[in-house]
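Have a look at the structure below, then the notes.
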């Protein structure tokens, strides 16, 4: 906790002055983020650092495993849906990025199962939302020899599954239909800092610099 408090003091004393006018404008005029960025709660995935974004640029949703529940999943399991609706209908973001990452603990738990002790009922229910990813990997990726390769495949497929679920939201459907919204699947490799984007034409994740923007 002291580390957090010291960080707050450093921000106020050393950093805030550089952003004072920006924060004052955001406070006065409200936020107008251009992108809804959905990624994992993992402490190694720092969205603003990775993308070098400024305050007000991104509307960020972090949850365990960067899971996007379908629009039909109501209640406590779908607070992410409220953020999606708010970003798409109220903030009118132009883009939605779902960004998975390497060595994801949530996907590892999805693929291998959770320990029985201690019981984690909320985590168990949450991971069920991405359950279709597991049989897909077990059936379609039998050619992958290593567990690490299957883990990476599951992490990438989870991003694509999240994009499919995004398309179940009426607000997203309407904006996609009129061409005012674009969806992107990204993948962050922690060890190298590389970002990959899904290329629908090649049906694979490619280095971001080599991937054309969706139209």
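Every listed requirement among (1) surrounded by fewer than 20 Cβ atoms within 10 Å (Cβ to Cβ); (2) within 29 Å of residue 177 (Cα to Cα); (3) modelled with pLDDT of 95 or more is met by residue 73 save one, (3). All of 183, 195, 208 fail the test of being touching a strand residue (DSSP E or B) at 6+ places or on another chain (Cβ under 9 Å), surrounded by 13 or more Cβ atoms within 10 Å (Cβ to Cβ), under 24 Å from residue 33 (Cα atoms) and not assigned by TED's automatic domain parsing to the domain that holds residue 63, apart from 208. Residue under question is residue 65, and the condition is that it be more than 14 Å from residue 186 (Cβ to Cβ) and in contact with a helix residue (DSSP H, G or I) (Cβ under 6 Å, 6 or more places away or on another chain); does it hold? Considered against the rule, which asks whether it is more than 14 Å from residue 186 (Cβ to Cβ) and in contact with a helix residue (DSSP H, G or I) (Cβ under 6 Å, 6 or more places away or on another chain), residue 65 comes out as yes.
For the stretch 101-127, the set of residues classified as closer than 30 Å to residue 33 by Cβ and surrounded by fewer than 18 Cβ atoms within 10 Å (Cβ to Cβ) consists of 103, 105, 122, 123, 125, listed by residue number. Annotation note: of 93, 98, the sole residue that is in a loop (DSSP other than H, G, I, E, B), modelled with pLDDT of 95 or more and under 20 Å from residue 36 (Cα atoms) is 93. Screening residue 162 with (1) farther than 25 Å from residue 56 by Cα; (2) surrounded by 18 or more Cβ atoms within 10 Å (Cβ to Cβ); (3) out of contact with any helix residue (DSSP H, G or I) (no Cβ under 9 Å at 6 or more places or on another chain) gives one miss only, at (1). Residues considered: 67, 84. Of these, the only one that is touching a residue at least 24 places away in the same chain (Cβ under 8 Å), within 15 Å of the chain's Cα centre (by Cα) and not in a loop (DSSP other than H, G, I, E, B) is 84.
The values are calculated or read from the model by the stated rules, or taken from the named source; none is laboratory data. These figures come from a predicted structure and were not determined experimentally. Cβ atoms come from the backbone with ideal geometry, glycine included; neighbour counts cover every protein chain shown.
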